[in-house]
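First up is the structure itself, then whatever we jot down about it.
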Amino acid sequence: KRGLEVDLLLQEAKESIEAAQNYRSELQQRLHGLNQARKQVRGSSGQARDALRRHFTELQAATARLLTERLDALLAEVDAIEADSIKPLDDCQSVIEHGVGQADELLRDGEAALRCGLGEKEDKLGSFTKKALHIQLDSLPEVPALADVPSVSAQLDDSLLGLLREGVSRHGSVSSRPPVQIEELQERPGGVLVRWCKVDEDFAAADYRLQYRRSSSGGSQYEDAYIGRDCEFLVLHLDPHTDFLFRVCARGEGRTEWSPWSVPQTGFTSLNAHEWRPGTDGYILSSRRNIALRNDSTHTRCPVLYSNAPSYYCGQTLTFKITAVGLMDRLDSLGVCIDGDQQGATLQRDRAVCVSTNGAVFVNGKEMTNQLPAVTVGSSVTFDMELVHLIPHNNHDGFKLRVTIGSGNREVVFDWLLEHTADCLYFGCSFVHSGWKVLVF
């Protein structure tokens, strides 16, 4: 009995030790989260201070430069008025000074004539009289009245200072939280689906702006991925197994400036991008192999263009976006299939589900009664599949897939019964006529 009690005590001690270890681990994780929160508060506060100081320093320099430029322009106007006004006064002064000089000379000659002897007086006085007549002593230059010459002044008031004071008092703001935050990051083949939402209900958003960059490249700049009114966007052409940082901001109704950025979120995709199979007759592929163009290089019916690999997995959304159209044909098809090597000119066959360009839906080659809208330029056709459950079939397990095909604002939902399980599926397309262009993602 005593040994049993010791064993129980040992067991309780082990459980207590394990519980204490788990408790300590949880506390350490929370401490790490707390440190991250403190780091975000202090880091963002420091960045806000730097941004404010930098902006207002630049604003002060720009304002001083504008005031200096305006002062120089006004001083130049004063200089021009002064120069234009002084020149005629200088010219008038030159005429008067010249007259004063002539009068002084005439006075000296007259006084000399009066002082000379009788023998010379007659000649001297005659010469003096002729000189006096030549100078025209009764002709005086006109001097402008003070009312007729400029009186330069500067018109200044305090209205600008009032406007500046009002504008500066409303310039800039500080917020503790951005009005929008990233809500969800979902991996997609070759990309990440980013969803965001408003966290400030009083903020009326007119547009959203999504940016991203590689997480590992500290010096890399954010790139614009999307600007618009939607609250989600699929960022494509991302390298698999590489972390990317995403952030979003908003622009208010009637405003030109963007709001503060959301807290950056890290996302990545482990799924390779969907690609069309190269080398298929009748089709030209883009450099990334995600866009296929049905060309007119062959006038015979060309085979189905399949994916380069079975890259579609249940639980994902596969999207075909039509970027150019040709003539419709009832044998056209966009869809998903079990095998990607079966010969034929359409996916309207066994072991495949597809939709034609006219909106008809086919399951294992049979047309359904429900239809979708016919595809046009800009149409997106989406395929969503999920495993419902396994079903016994001839001594082996088959399985049932719940398929949802969407186009426009309509959907068709049905169950697809298959004999064999498949972890991944091929996708494909076929067009009888040239001109069709389809992007897959």
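The values are calculated or read from the model by the stated rules, or taken from the named source; none is laboratory data. Computed from a predicted model, the values in this text were never measured in an experiment. When we count neighbours, we look across all protein chains shown, and the Cβ atoms used for this are built from the backbone with ideal geometry, even at glycine. For accessibility, only protein heavy atoms count, side chains too; no ligands or nucleic acids. Shrake-Rupley method; radii C 1.70, N 1.55, O 1.52, S 1.80 Å.
Evaluate E = 1/(1 + (r/R0)^6) for H420 and R195, where r is the Cβ-Cβ distance and R0 equals 35 Å; express this FRET efficiency to the nearest 0.05.
0.50
Cα atoms only: what Rg and Dmax, in Å, come out for the range 152-262?
20.0, 75
Farthest toward the dipole's positive end in the chain, which of S356, V6, Q21, given Cβ charges of +1 (Lys, Arg) and -1 (Asp, Glu) about the Cα centre?
V6
For the chain, modelled as a GNM with alpha-carbon contacts under 10 angstrom, which of Y313, Y222, Y23 fluctuates the most?
Judging by the Gaussian network model, the answer is Y23.
For the range 426-441 and the range 293-356, what is the separation of their C-alpha centers, rounded to whole Å?
Between the Cα centres of the range 426-441 and the range 293-356 lies a distance of 6 Å.
Quick check: residue separation of D157 and A103 times 0.36 nm, minus the Cα distance between them. What number comes out in nm?
Here the segment from D157 to A103 would lengthen by 14.3 nm.
Which value results when the Cα radius of gyration for the range 277-352 is divided by 2.2 N^0.38 Å?
For the range 277-352, the normalised Cα radius of gyration comes out at 1.11.
Between the range 1-60 and the range 360-390, what's the alpha-carbon centroid distance in Å?
50
Quick one: which of 45-57, 343-355 comes out on top by average Cβ neighbours within 10 Å, and what's the full order, highest first?
343-355, 45-57
Quick one: compute a quarter of the convex hull surface over the Cα atoms of the range 119-200 and quote it in nm².
19.2
Between A48 and E187, how high is the FRET efficiency from 1/(1 + (r/R0)^6) when r is the Cβ-Cβ distance and R₀ = 25 Å? Nearest 0.05.
The value I calculate is 0.15.
Based solely on C-alpha atoms, express the radius of gyration and the Dmax of the range 86-135 in angstrom.
14.8, 51
How big is the range 45-93 along each principal axis, measuring the range of its Cα positions in Å and listing the largest first?
Extents along the principal axes: 70, 9, 5 Å.
Accessible area per residue, 1.4 Å probe, Å², for the range 172-241: what's the number?
Heavy-atom SASA per residue in the range 172-241 reads 57 Å².
On the accessible surface of the range 34-164, probed at 1.4 Å, how many percent belong to carbon and sulfur atoms?
Within the range 34-164, the accessible surface is 58 percent carbon and sulfur.
Just tell me which aspartates and glutamates come within less than 18 Å, Cα to Cα, of K198; anything on the same chain fewer than 8 places away is out.
Once the sequence-local aspartates and glutamates are set aside, what remains near K198 is E183, E184, D207, D230, E232, E253, E257.
In whole percent, what relative contact order does the chain give with Cα contacts below 8 Å and a gap of six or more residues?
Once divided by the residue count of the chain, the mean separation gives 11 percent.
How large is the dipole of the chain about the Cα centre if only Lys and Arg carry +1 and Asp and Glu carry -1, each at its Cβ, rounded to the nearest 20 debye?
In total the dipole reaches around 2260 debye.
From the C-alpha gyration tensor of the range 354-393, pull out the three semi-axes of the equivalent ellipsoid (sqrt of 5λ each), sorted largest to smallest, in whole Å.
Rounded to whole Å, the semi-axes are 25, 14, 7.
What Kirkwood Rh does the range 18-72 have if only Cα atoms enter the pairwise 1/r average? Answer in Å.
The Cα-based Kirkwood calculation yields 14.9 Å.
Given that compact globular proteins tend to follow 2.2 N^0.38 Å, what is the ratio of the alpha-carbon Rg of the range 221-281 to that value?
1.54
Over all directions, how big on average is the projection of the convex hull of the alpha-carbon atoms in the range 305-392, in square nanometres?
Its Cα hull, projected and averaged over all orientations, spans 6.7 nm².
Counting only Cα, what are the radius of gyration and maximum Cα-Cα distance Dmax of the range 182-335, in Å?
19.4, 61
What does the helix-only formula give at 222 nm for the chain: each DSSP H stretch with n ≥ 4 adding -39500 (n - 2.57), the total divided by the residues, and the result rounded to the nearest 500 deg cm²/dmol?
-12000 deg cm²/dmol
For the range 67-98 and the range 187-216, what is the separation of their Cα centres, given in Å?
Their Cα centres are 63 Å away from one another.
Please compute the Kirkwood hydrodynamic radius of the chain from all pairs of different C-alpha atoms, in Å with one decimal.
Final number for the Kirkwood radius of the chain is 31.6 Å.
How many Å³ per residue does the convex hull of the Cα positions in the range 1-119 occupy?
Considering the Cα atoms of the range 1-119, their hull volume per residue is 110 Å³.
Would you mind calculating the gained length between D148 and K366 on full extension (0.36 nm times residue separation, minus the Cα-Cα distance), in nm to one decimal?
Here the segment from D148 to K366 would lengthen by 68.2 nm.
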